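Structure, as structure tokens:
The values are calculated or read from the model by the stated rules, or taken from the named source; none is laboratory data. Note that the structure is a prediction, hence the values are computed from the model and not measured. Note that we place each Cβ from the backbone using ideal geometry, even for glycine, and neighbour counts take in every protein chain shown.
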Amino acid sequence: MILLQAADINKSFGVTAVLSNINVTIQSGERVGLVGVNGAGKTTLLKILTGQMLQDSGEIRTAKDVTIGYLSQDSSLDTDQTIFNEMLTVFADLIQQEKELRKLEEKMGHPSIHQQPGQYERLMEAYSTQSDDFKGKGGYQYESTIRSVLHGMRFYPIDYDTPISSLSGGQKTRLALARLLLMQPNILVLDEPTNYLDMETLGWLERFLSNYPGALLVVSHDRFFLDSLVNVIYEIERHQITRYTGNYTQFLEQKAERIAKLMKQYERQQAEVSKLEDFIQRNIARASTTRRAQSRKKQLDKMDMMDRPIQENRRATFQFQINKTSGNQVAMVDDLVIGYDHKPLAGPLSFYLTKGERIALIGPNGQGKTTLLKTLTGKLPHLSGSLRLGSNVEMGFYNQEQEDLHPQRTVLDEVWDAFPTLPEKEIRTVLGNFLFSGDDVQKKISSLSGGERARVALARLLFGKANLLILDEPTNHLDLFSKEVLEEALLEYPGTILFVSHDRYFMNKVATGILELTSDGLTSYPGNYDYYVEKKMQLEEMAPAVQEERIEINQGKEKFLQDKETKKRERQKQRKLEELEGRIEQLEHEIEDIEQQLCSPDVFADVEKARQFHEEMESKRHELEESLEEWTLLQEE
């Protein structure tokens, strides 16, 4: 079933065309990824499809009663509501229906109801109908559903009474996503949903969306995310759109095949055109062959001429260099405690960086990854322990928030002021490699998109020629193609890199080692992200006897102990889940029995008995809700 169709959509801003003759179809169950370079018009198209923006021409058609939910890049809640109360607003209709059921119960339990012939029966019939509808819509478990989604988005019961206005921007974005997931629209439209998500939350979101009952339309620069989730790709390129079947990797293969095929067709046509033109030129003036030449000219005029296929968009091109080579020991961190205002956030932490390593620092949000990077770069003081840099180490820092960019400076001045001894021509040449050419270099930083600001920050970093790069989320705001260029530049970089990233594809390509920061400290893993995942799975599956042995990681200092109680607790958890499932099923049957008994004639005339039945039913409903909530929390542990 077709849920949404966009036909011949055109959109321009002033004289600049953004979208031309765009056609998009979204069908039931489809998982659609929308890709293209930054500025291609992806967000503009999403806003048009969701009614946030009007197209210049064309038509948007949706099936009857189809609902569309949209989470934009900058979507964030800003309210005085608490976290849990804001999520309850999604179920306002159910809450109102529950209130109406309670009112009916009060009326049925009032002594005067039996003085009105037939009134009790009518109330019971209305109650039975509404109760079945309420149950069918999930009325007895919406609070458990809220807790499950909040838990997946890493909000826990201790957070539920927190006012939303006090949350950070990233937390608000996660909460806005949680609210949209609870709404379950027929078409879920997400613009960069993986921003601000740590690995654990990202994994939960992928599992949730893979089982989502509606259709998905997603803009994402996370290639891992697209590969694991989508089955259709739409690419916007030079104002046009092309549909491909499959995930992102399959799209790249199909696009390469399509362009190669179009190029052959184009070359064949050009060869034929050249042959016709040559014949016409040689024969048009000769009386004996002029008619044949005119015939060939008509043939040429009637040809549907192909444009040269787009082989590659203009991409940023750059290469990181160093002023001088560092010593073999680049950084030595021993028992380092980090935090703010003398309040420890993480530590003691110990690790070493060796020349040429490319280390990815991963861990849950809020654990202290960015704080650690800022401490290493001297932007924050450490609370205790020691941090030493090796000989000839020169450090460069990429801040994901670009806080050190000056909003009122131009692109040219922002870079030139940092390196005033360099000639303007050299600055402009490098900025051109970062896609800032001509008048683009006179744009103010405040007017740039997130991707453009990221490229300015990378350009400044490149000029520094440091031999140790500290990078905090370097791929955020970069389109898929710019990420590939950055990957290649870092792979060829002769220095040492420590970076924080949630981009699993990027980590697989760049990292030679993983540092995992948890509440227990730092654990080191050699290899890329795939090796890290494989090693973690092996450790979880190892027999208890082996798990109890010390696993020496990080130059023999780290040990990994598998607690024998883990499997015991798992067995206890399974027994508890089975008990809860049995009790839930029993309570559901008992509630149904009570509802049937309330409809029986024997109860109609006995007000006290009806009241007792209502009280018993409310007690069992409360127990059912608590059991469902306990079951949900146990499942997610």
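Here are a few things to note about the model shown:
- Just so you know, in the range 518-537 the residues that are under 24 Å from the mean Cα position of the chain (by Cα) and not hydroxyl-bearing (Ser, Thr, Tyr) include one that is nearest to Gly347 (Cα to Cα), and it is Lys536.
- Residues of the range 392-408 that turn out to be at pLDDT 90 or above and not acidic (Asp, Glu), as a count: 6
- Pairs linking a residue in the range 405-419 that is of a type in the set (A, V, I, L, M) to a residue that is not in a helix (DSSP H, G or I), with Cβ atoms under 6 Å and 6 or more positions apart or on different chains, are Val411/Phe436; Val411/Lys443.
- Filter result (of a type in the set (Ser, Thr, Tyr) and either touching an Asp or Glu at 6+ places or on another chain (Cβ under 9 Å) or surrounded by fewer than 19 Cβ atoms within 10 Å (Cβ to Cβ) (or both)) within the range 195-221: Ser210, Tyr212, Ser220
- Selection over the range 397-415 of residues that are crowded, with 16+ Cβ neighbours inside 10 Å and closer than 23 Å to Gly438 by Cα gives a count of 8.
- Enumeration of residues in the range 579-604 that are more than 19 Å from Lys620 (Cα to Cα) and surrounded by fewer than 13 Cβ atoms within 10 Å (Cβ to Cβ): Ser600, Pro601, Asp602
- Answer from Ala293, Ala271 - the residue that is among the small types (Gly, Ala, Ser), free of Cβ contacts under 8 Å to residues at least 12 places away in the same chain and out of contact with any Gly (no Cβ under 8 Å at 6 or more places or on another chain): Ala271
- Selection within the range 25-69 - farther than 25 Å from Tyr248 by Cβ, in contact with a helix residue (DSSP H, G or I) (Cβ under 9 Å, 6 or more places away or on another chain), of a type outside the set (A, V, I, L, M, F, W, C) and surrounded by fewer than 16 Cβ atoms within 10 Å (Cβ to Cβ): Gln52, Thr67
- When Ala287, Ala271 are checked against the criterion of being loosely packed, with under 11 Cβ neighbours inside 10 Å, in a helix (DSSP H, G or I) and of a type in the set (Gly, Ala, Ser), Ala271 stands alone in meeting it.
- Condition check for Val510: at pLDDT 90 or above, out of contact with any Gly (no Cβ under 9 Å at 6 or more places or on another chain) and β-branched (Val, Ile, Thr): yes
- Hits in the range 470-485 - residues which are more than 16 Å from Thr194 (Cβ to Cβ), surrounded by fewer than 23 Cβ atoms within 10 Å (Cβ to Cβ) and among the aliphatic types (A, V, I, L, M): Val485
- The one condition in (1) under 23 Å from Glu235 (Cβ atoms); (2) in contact (Cβ under 8 Å) with a residue 60 or more places away in the chain that Lys47 fails to fulfil: (2)
- Helices (runs of 4 or more DSSP H) wholly inside the range 29-111 containing at least 1 residues that are more than 30 Å from Arg621 (Cα to Cα) and among the hydroxyl-bearing types (Ser, Thr, Tyr): 42-49
- Any chance Arg308 is surrounded by 10 or more Cβ atoms within 10 Å (Cβ to Cβ) and at pLDDT below 85: yes
- Residue pairs whose Cβ atoms lie under 6 Å apart, separated by 6 or more positions or on different chains, with the first residue in the range 569-597 and on the phi < 0 side of the Ramachandran plot and the second among the hydroxyl-bearing types (Ser, Thr, Tyr), are Leu580/Ser627; Arg583/Ser627; Ile584/Ser627.
- In the range 86-109, residue nearest to Leu182 (Cα to Cα) [restricted to those that are more than 39 Å from the chain's Cα centre (by Cα) and in contact (Cβ under 8 Å) with a residue 40 or more places away in the chain]: Glu105
- Inside the range 420-449, residues that are of a type in the set (D, E, K, R), part of a helix (DSSP H, G or I) and touching a residue at least 24 places away in the same chain (Cβ under 8 Å) make up a count of 1.
- Within the range 478-530, the set of residues being in contact (Cβ under 8 Å) with a residue 60 or more places away in the chain and among the hydroxyl-bearing types (Ser, Thr, Tyr) comprises Ser482, Tyr493, Thr496, Ser501, Tyr505, Thr512, Thr518, Ser519, Ser524, Tyr529.
- Residue under evaluation Pro309, criteria (1) more than 24 Å from His239 (Cβ to Cβ); (2) in a loop (DSSP other than H, G, I, E, B), criterion not met: (1)
- Any hit, the range 596-611, residues being under 30 Å from Leu349 (Cβ atoms), part of a loop (DSSP other than H, G, I, E, B) and either among the hydrophobic types (A, V, I, L, M, F, W, C) or modelled with pLDDT of 80 or more (or both): no
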